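Student: Sharing a structure here in structure tokens format.
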Amino acid sequence: MRVSKSFIPTVKETPGEAEIPSHKLMLRSGLMRKVASGFYEYLPLGQRVILKVMQIIRGEMERAGAQEVLMPIMTPAELWQETGRWQKYGKELMRVKDRHERDYALGPTHEEVVTDLVRRELKSYKQLPMNLFQIATKFRDEVRPRFGVMRSREFLMKDGYSFDVDDAACDKTYWAMFEAYKRIFKRCGLLCSPVEADSGLIGGSFTHEFMVLAESGEAAIALCEACGYAANMEKAVGVPTPPAVSQAASEAYASVETPGKHTVEHVSELLKLPPRQFIKTLVFIADGKPVAVLVRGDHEVNEVKVQNALGATELVLAPAEKVMEVTGAPVGFAGPVGLKGVKVLADNALKDGHDYVTGALAKDKHLVHVEIGRDCPAPWYNDFRSVVTGDGCPKCGKPLKTGRGIEVGQTFKLGTKYSKAMKCVYLGEDGKDHETVMGCYGIGVTRTVGAAIEQYNDADGILWPISIAPYQVHLLLLNPADPEVAKAADQCYEDLKKAGYEVLYDDRLDATAGFKFKDADLLGMPLSVRVGARGLKEGVLEVKRRREKEPVKVPLARVLDKVREMAGEEWKLCTP
RNA sequence: CGGGGCGUAGCGCAGCGGUAGCGCACUUGGUUUGGGACCAAGGGGUCGUGAGUUCAAAUCUCACCGCCCCGACCA
């Protein structure tokens, strides 16, 4: 493609609306433009990247035995009512009415639609397994769209759904999809790790999120570099650092004055005892009932874990008045000793410690030398806290790291949740009806593009992995006014195309060499070939990898070889 | 939905009661051409919308709309 004939509106200055690198660069490099908050137009370069990601996904899904279909974006309300999600999905579900006032939802995901399709066609176990996917536009009316394509209201998603005869068969499909996902992201050139994630209240199911590590990621994760364990913070388990005191206190607990000190930090300073020796007591309201959760002073309560353990549908931190009512003291002085009428949960990390400091259930007072079990009833121990840096890996014990990630895909074993609600059954060998066991598998296509940029950029622009780069080679004509140079560049363009490369040829007459270099860095094609009068005098062109600082001078006749060699290096980075 | 910020030329911004500005981009001509060239001449605006205050509003007041950030939320 000749730049002179193409629609690639690059801009020098970053539009004010963009905050994170991928968003800034997608606008600056002319990949997309915004129509309204959360809605974007993808321009030719952006669309090429999207198509490449889609092709990789298609290839791997088919390789793993899934078949592509296309379902409607607009879906009848009745289907959503069958599973209760017409209500449950809330405002995020975009709803529209047709001229007859019938309700529809613009699909945010397609479990209902695909399950309806399959139940209508599925008769016998002989038709299973069935694994269908589509790549289509999805709508989610996000409360706060942000970061460009990272959280938009309309986006491209690959969504796949599998139907199996039983749990074991579903597991097999699940792991096949899991492997396919690893290959997909690797082929896109992404460093991506599957992490265990919270599966909410759906019992017996499990799920993995595929995370691209990036500062700007919205999800917090914990990972072990030693053994590869990785989990979403909602789910991650850590081996706590040892307790401050491992010997039981010999003396009875005693009250100390701690006027105005209502945080662990402040009391810790006052008493000159480490936060690890504290019991932090938080009061929550779970489905209307107060519960107290105890964690060590250097730990934080993980609300998702508490909620799951209680089986509660709603969990909120208790307001100050409620804390007063339950503990008889203002916020900051709660403790387990003498606490009555409340269910008490304690994090496992408290189990091995002794001689704790805790709130005294009275204003400006704390207790020291507290022994759980001696001074208060033994609470319900479980994992109720979030992993912190320094915790040990639950698998290998090495230190865990915490970081942030962008969720580009998720695999989910659904079980019979939808097949039961929608009666998606098949006739088994035994002559009886059985519910299908389902899995669902999503990939945010547009988000994957953003994540790639998030992972690969520098001060000058994007560094595309070759597998998803809009073009593989960026050819720069540096002296367009010089007929010799122009001729050589034209020839090079033809040669590269003939050799099978996708070439973006900057043949513009009105742009200076410097301008073209800047554009090339911004656009980020993995390889560039520079044709200039300077080099031509010596009979050479310059070939450069975007990731390298300096170009390599190559004799005219050897340019194709050099490009092939460098392209080969780039492809290695995208090969599973 | 709560808190904060911003809407002035395509983009980035200044102006903050008295004639609408700057840089980049764009058009034309000329000189240039290896890291976002230079000179000259141009084109482009109901200052987000609507009310109000005032002799006079981009500027002050109110309402609405839009956009961005933090939070809540995210099968």
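The values are calculated or read from the model by the stated rules, or taken from the named source; none is laboratory data. Computed from a prediction, not measured in an experiment: that's the story for all the values here. Cβ sites come from the backbone with ideal geometry, for glycine too, and all protein chains shown count toward neighbours. All accessible areas refer to the heavy atoms of the entire protein, side chains included, with ligands and DNA or RNA removed. Shrake-Rupley method; radii C 1.70, N 1.55, O 1.52, S 1.80 Å.
Student: Once ligands and nucleic acids are excluded and a 1.4 Å probe is used, how much of A:T402 is accessible, expressed in Å² to the nearest 10?
Tutor: Ignoring ligands and nucleic acids, A:T402 comes out at about 60 Å².
Student: Leaving out ligands, DNA and RNA but keeping every protein chain, what accessible area does A:I443 have, in Å² rounded to the nearest 10, with a 1.4 Å probe?
Tutor: Approximately 0 Å² for this residue.
Student: Further question on the same structure: From Cα pairs below 8 angstrom and at least 6 apart in sequence, can you work out the relative contact order of chain A, rounded to a whole percent? Walk me through the numbers on the way to the answer.
Tutor: Details: 1235 pairs, mean separation 96.5, N = 576.
The normalised contact order for chain A reaches 17 percent.
Student: Same structure, new question: Counting only protein chains, not ligands or nucleic acids, how are A:K401, A:K172 ordered by accessible area (probe 1.4 Å), most first?
Tutor: Descending order: A:K172, A:K401.
Student: Give me a comma-separated list of calculated 3J(HN,Hα) values for the range A:281-290, in order, Karplus coefficients 6.51, -1.76, 1.60 applied at θ = phi - 60°, integers in Hz, x for any Gly or Pro.
Tutor: Residue by residue, the range A:281-290 yields 10, 10, 9, 10, 10, 9, 6, x, 9, x Hz.
Student: If you don't mind, another one. Once you list every other residue whose beta carbon is under 11 Å from the beta carbon of A:L310, what net charge do they have if Lys and Arg are +1 and Asp and Glu are -1?
Tutor: With Lys, Arg at +1 and Asp, Glu at -1, the neighbours total 0.
Student: Could you work out what % of the accessible surface of chain A is carbon and sulfur, using a 1.4 angstrom probe and leaving DNA, RNA and ligands out of the count?
Tutor: 52 percent
Student: Would you tell me the accessible area of A:E218, worked out with a 1.4 angstrom probe on the heavy atoms of the protein chains, in Å² to the nearest 10?
Tutor: We get 70 Å² for A:E218.
Student: Shifting gears a bit: Specify whether the C-alpha gyration tensor of the range A:463-511 places it in the rounded, prolate or oblate class, a ≥ b ≥ c being the square roots of the eigenvalues: rounded for a/c under 1.5, otherwise prolate if a/b is larger than b/c and oblate if not.
Tutor: Because a/c hits 1.5 or more and a/b fails to exceed b/c, the range A:463-511 counts as oblate.
Student: From the Cα gyration tensor of the range A:352-479, with a ≥ b ≥ c the square roots of its eigenvalues, which class applies: rounded if a/c is under 1.5, or else prolate if a/b is larger than b/c, or else oblate?
Tutor: oblate
Student: Report ³J(HN,Hα) in whole Hz for each residue of the range A:567-574, in order, from the Karplus equation J = 6.51 cos²θ - 1.76 cosθ + 1.60 where θ = phi - 60°; Gly and Pro get x.
Tutor: Going residue by residue, I get 4, x, 4, 5, 5, 4, 6, 10 Hz, with x marking Gly and Pro.
Student: Quick one: putting +1 on the C-beta of Lys and Arg, -1 on the C-beta of Asp and Glu, what dipole do you get for the range A:191-261 around its Cα centre, in Debye to the nearest 20?
Tutor: 140 debye
Student: When every alpha-carbon pair in the range A:254-382 is counted, what percent end up more than 20 Å apart?
Tutor: Above the 20 Å cut-off, the range A:254-382 has 38 percent of its Cα pairs.
Student: Give the peptides A:56-66, A:259-269 in descending order of average Cβ contacts within 10 Å, highest first.
Tutor: The peptides rank, most packed first, as A:56-66, A:259-269.
Student: Considering only A:A481, A:Y125, A:T512, whose Cα is most displaced toward the positive end of the charge dipole of chain A, charges sitting on Cβ of Lys, Arg (+1) and Asp, Glu (-1)?
Tutor: A:A481
Student: Related question: Return the whole-Å distance between the Cα centroid of the range A:302-343 and the Cα centroid of the range A:114-149.
Tutor: Rounded to whole Å, the Cα centres lie 40 Å apart.
Student: Next up: If you place +1 on the Cβ of every Lys and Arg, -1 on the Cβ of every Asp and Glu, and leave all else neutral, what size is the dipole of the range A:471-572 about its Cα centre, to the nearest 20 Debye?
Tutor: The calculated dipole for the range A:471-572 is roughly 280 debye.
Student: While we're on this one: Is the range A:34-122 rounded, prolate or oblate when judged by the Cα gyration tensor, a ≥ b ≥ c being the square roots of its eigenvalues, rounded requiring a/c under 1.5 and prolate requiring a/b larger than b/c? Working shown, then result.
Tutor: Details: a/c = 2.55, a/b = 1.25, b/c = 2.04.
The shape class here is oblate.
Student: If one computes the Cα centroid of the range A:219-287 and of the range A:9-65, what distance in Å separates the two points?
Tutor: Comparing the Cα centres of the range A:219-287 and the range A:9-65, I get a distance of 43 Å.
Student: Something else: Putting +1 on Lys and Arg Cβ atoms and -1 on Asp and Glu Cβ atoms, find which of A:L556, A:M566, A:A533 reaches farthest to the positive end of the dipole of the range A:527-569.
Tutor: In the range A:527-569, that residue is A:A533.
Student: Where does each of A:T115, A:T512 land when they are ordered by accessible area, with a 1.4 Å probe and the largest first?
Tutor: The ranking, largest first, comes out as A:T512, A:T115.
Student: May I ask you to give the solvent-accessible area per residue for chain A, in square angstrom, as obtained with a 1.4 angstrom probe? Please report the intermediate quantities before stating the final value.
Tutor: On the way: 26230 Å² over 576 residues.
Counting only protein heavy atoms, the per-residue value for chain A is 46 Å².
Student: All other residues with a Cβ under 9 Å from the Cβ of A:R385 taken together, and with Lys, Arg as +1 and Asp, Glu as -1, what is their net charge?
Tutor: -1
Student: Cross-link list A:K343/A:K363; A:K289/A:K423; A:K497/A:K553: which exceed 26 angstrom alpha carbon to alpha carbon? Spell out each step's value before the answer.
Tutor: Values: A:K343/A:K363 22 Å; A:K289/A:K423 36 Å; A:K497/A:K553 21 Å.
Violating the 26 Å Cα-Cα cut-off are A:K289/A:K423.
Student: May I ask for the percentage of alpha-carbon pairs in the range A:471-572 that lie more than 19 Å from each other?
Tutor: 34 percent
Student: Nearest 20 debye, what's the magnitude of the dipole of chain A about its Cα centre given +1 on Lys and Arg Cβ and -1 on Asp and Glu Cβ?
Tutor: Using only the charged Cβ atoms, the result is roughly 1000 debye.
Student: What ranking of A:M324, A:M130 comes out by heavy-atom accessible area, probe 1.4 Å, highest first?
Tutor: I get A:M324, A:M130, largest accessible area first.
Student: How big, on average over all directions, is the shadow cast by the Cα convex hull of chain A, in nm²?
Tutor: Numbers: hull surface 135.7 nm².
Its Cα hull, projected and averaged over all orientations, spans 33.9 nm².
Student: Set Lys and Arg Cβ to +1 and Asp and Glu Cβ to -1, take the dipole of chain A about its Cα centre, and tell me which of A:V283, A:V301, A:S255 lies farthest positive.
Tutor: A:V301
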